[in-house]
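The values are calculated or read from the model by the stated rules, or taken from the named source; none is laboratory data. Just so we're clear, the structure is a prediction, and the values are computed from it rather than from any experiment. In this analysis, Cβ positions are derived from the backbone assuming ideal geometry, glycine residues included, and neighbour counts consider all displayed protein chains.
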Amino acid sequence: MDKLKPKSKRKSESLSKTHNKNINVSSRAVVGSILGTIIASTPLLFSLHESVPAEKVWDTFLFTYDSLLWEDAQYAMWVLTGKFIPLLLLLIWFFTNRNWWYHALLVPIVMYIFQIVGTINGDTTHVDEFQLIYMLPIMALVIPSIYLIRAKMFNRLNEVNKTMQELEDEFMMKPKGVWGKVKQYF
């Protein structure tokens, strides 16, 4: 079929494929560089709370933040960054992980989201009290699905003459990009 096309057209298609591959490699390098920079700058991001004044009301040209029960905007931002940085690292790990068990990361991600919402709300007196009732539906979906994948892997391991690494590679998620992974869940 390829022989029926003119030689110049085959050459241009080959160049087009090479060009697309180069664009894909360079875009992956850019995304990897951005993610590496974010991960490396987490100590700087964590210390941003020190730029917040130690007052009850923090007034900026963009917004006004009232720390309510925290009574100190700097302390409230310290608590918030202490929850946001691990959430950011977990999200990066979740969207870049290609192992079969990466859905287990949803449990701590949702836990940190609940804690951040409680911190921002500020009306709650016990922010870090773990609200298991909200986590149960997520855990009820994630834990059995991980167990089923694991059971399926071991069934195949017993039936087929494959190594554990070959099975992990078979169940490994192929990179779809961040938007592809988000669309997978909704």
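Quick check: anything in segment 97-108 in contact with a helix residue (DSSP H, G or I) (Cβ under 9 Å, 6 or more places away or on another chain), among the polar types (S, T, N, Q) and modelled with pLDDT of 65 or more?
Taking segment 97-108 and keeping what is in contact with a helix residue (DSSP H, G or I) (Cβ under 9 Å, 6 or more places away or on another chain), we get 97, 99-108.
Filter once more, so that each one left must be among the polar types (S, T, N, Q): 97, 99.
So of that shortlist, the ones also modelled with pLDDT of 65 or more come out as 97, 99.
Looking through segment 97-108, at least one residue is in contact with a helix residue (DSSP H, G or I) (Cβ under 9 Å, 6 or more places away or on another chain), among the polar types (S, T, N, Q) and modelled with pLDDT of 65 or more.
Any residue at all in segment 112-125 that's in a loop (DSSP other than H, G, I, E, B) and on the phi > 0 side of the Ramachandran plot? Reasoning before the result, please.
Within segment 112-125, the first condition is being in a loop (DSSP other than H, G, I, E, B), and the residues that meet it are 122-125.
So of that shortlist, the ones also on the phi > 0 side of the Ramachandran plot come out as 122.
Taking every residue of segment 112-125 in turn, at least one turns out to be in a loop (DSSP other than H, G, I, E, B) and on the phi > 0 side of the Ramachandran plot.
Residues in segment 41-69 that are among the aliphatic types (A, V, I, L, M) and part of a loop (DSSP other than H, G, I, E, B): Val52, Ala54, Leu62. The set of residues in segment 60-87 being out of contact with any helix residue (DSSP H, G or I) (no Cβ under 7 Å at 6 or more places or on another chain) and within 30 Å of Leu148 (Cβ to Cβ) is empty. Inspection of segment 142-164 identifies no residue that is under 30 Å from Leu69 (Cβ atoms) and modelled with pLDDT of 80 or more.
Given the residues Ile38, Ile92, which is the only one that is in a helix (DSSP H, G or I), out of contact with any Phe, Trp or Tyr (no Cβ under 9 Å at 6 or more places or on another chain), touching a residue at least 24 places away in the same chain (Cβ under 8 Å) and under 30 Å from Tyr147 (Cβ atoms)?
Testing whether each residue is in a helix (DSSP H, G or I), out of contact with any Phe, Trp or Tyr (no Cβ under 9 Å at 6 or more places or on another chain), touching a residue at least 24 places away in the same chain (Cβ under 8 Å) and under 30 Å from Tyr147 (Cβ atoms) leaves just Ile92.
Among the residues of segment 50-96, those identified as more than 21 Å from Phe114 (Cα to Cα), in contact with a strand residue (DSSP E or B) (Cβ under 7 Å, 6 or more places away or on another chain) and exposed (fewer than 14 other Cβ atoms within 10 Å of the Cβ) are Val57, Thr64. A residue that is assigned to a loop (DSSP other than H, G, I, E, B) and in contact with a Gly (Cβ under 8 Å, 6 or more places away or on another chain) occurs nowhere in segment 72-85.
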